[in-house]
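Down below is the structure, laid out as structure tokens.
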Amino acid sequence: VGAPGIAALVEALAAMPDTEVIVSAPLEQQSGTGGKTTEGELVVTDATTERGYEANAVAGFPADAINWALDGGIEVTPDLVVTGINSGQNLGSTGDQVSGTIGAARAAVAHGVPALAASASAGEGVDYDLAATFVVDWVEEHREALLAGELTGDAIILENLNVPNCTVDQLRGVVEVPMSPGNEGALTEPQDCTSTLEGPTDDVTAFNNGFVALSAISFEPAA
């Protein structure tokens with residue numbers, strides 16, 4: 001709940017007109033826990049984000065934080081759940097299978113609520129405020145349909161956004177690509193912010209060549 005990516009995301013979303021943001025996040029860091037959940041009653045305490053926004057801190061996994069909120073922990077059913085911004089990219093098969101950020105987004109969809117998982121590059125010097133602008137752009141693009149209830153039911157939307165560690169002038173824009181079924185280059189290969197590669201075929205290739213990668217997520221992780 002005290003992560004810098006969450007703080008930047010909340011501040012950016014809360015600055016949007018006519019937008020209410022409710023924060024439910026794990027009490028402690030829970031990287032790599034996928035869609036794990038905790039049996040029994042969850043302990044939830046009042047907290048604040050790194051920048052002082054009121055939050056609910058759930059002693060459990062990322063999916064627990066979503067389940068608690070959508071099972072009655074908060075008083076409203078949100079139009080959208082946004083998870084992240086995670087410190088570290090969630091790409092390829094590793095992201096699909098072990099990402100807590102994606103696991104939390106899947107928990108939202110299991111409750112019938114559209115979700116976007118958002119992550120930024122691992123390492124130092126990451127500009128979470130810049131990454132948050134791409135989340136805001138996504139919300140603005142989908143806002144009308146979300147409010148009309150057009151992205152629920154059979155058409156429910158579940159997507160994964162990854163922003164490489166490039167400057168605003170270097171980022172090559174958002175590209176819609178599938179998540180790679182493999183893992184090569186998903187965690188260790190540095191992003192080439194000067195790449196001229198065109199037409200990336202998957203999220204790992206797009207991200208490592210300076211694109212903001214946007215991918216649909218399956219409702220369940222691949223076997």
TODO: Considering only the stretch 122-136, state which residues are buried (at least 22 other Cβ atoms within 10 Å of the Cβ) and in contact with a Pro (Cβ under 9 Å, 6 or more places away or on another chain).
DONE: TYR128
- [ ] Return the only residue of THR205, THR196, THR152 being open to solvent by 30 Å² or more (accessible area, probe 1.4 Å), under 30 Å from GLY112 (Cβ atoms) and not aromatic (Phe, Trp, Tyr).
- [x] THR152
Open item on the list: Can you find a residue that is polar (S, T, N, Q), open to solvent by 40 Å² or more (accessible area, probe 1.4 Å), within 28 Å of MET179 (Cβ to Cβ) and assigned to a loop (DSSP other than H, G, I, E, B) anywhere in the stretch 79-97?
Closed with: no
Open item on the list: I'm told LYS36 meets every condition in (1) open to solvent by 30 Å² or more (accessible area, probe 1.4 Å); (2) assigned to a helix (DSSP H, G or I); (3) out of contact with any Leu (no Cβ under 9 Å at 6 or more places or on another chain) except one. Can you identify the failing condition by its number?
Closed with: (2)
Task: Unique match (being in a strand (DSSP E or B) and in contact (Cβ under 8 Å) with a residue 24 or more places away in the chain) among ALA118, ALA131 - done: ALA118
Task: Complete set of residues in the stretch 39-68 that are at pLDDT below 95 and either open to solvent by less than 80 Å² (accessible area, probe 1.4 Å) or touching a Lys or Arg at 6+ places or on another chain (Cβ under 7 Å) (or both) - done: GLY40
Task: Among (1) within 24 Å of ALA155 (Cα to Cα); (2) part of a strand (DSSP E or B); (3) not β-branched (Val, Ile, Thr), the one test that ALA57 misses - done: (1)
Task: Some residue of the stretch 210-222 being of a type in the set (D, E, K, R) and modelled with pLDDT of 95 or more - done: no
Task: Residues of the stretch 20-58 that turn out to be without any contact (Cβ under 8 Å) to a residue 60 or more places away in the chain and among the basic types (Lys, Arg), as a count - done: 1
Task: Candidates GLU144, GLU140, GLU159, filtered to the one that is acidic (Asp, Glu), open to solvent by 60 Å² or more (accessible area, probe 1.4 Å) and in contact (Cβ under 8 Å) with a residue 40 or more places away in the chain - done: GLU140
Open item on the list: Go through (1) in a helix (DSSP H, G or I); (2) closer than 22 Å to GLU176 by Cβ for ALA65 and report which single condition fails.
Closed with: (2)
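The values are calculated or read from the model by the stated rules, or taken from the named source; none is laboratory data. Remember, it's a predicted structure, so these values are computed and weren't measured experimentally. Cβ sites come from the backbone with ideal geometry, for glycine too, and all protein chains shown count toward neighbours. Side chains are part of the model used for accessible areas, which takes the heavy atoms of the whole protein and leaves out ligands, DNA and RNA. Shrake-Rupley method; radii C 1.70, N 1.55, O 1.52, S 1.80 Å.
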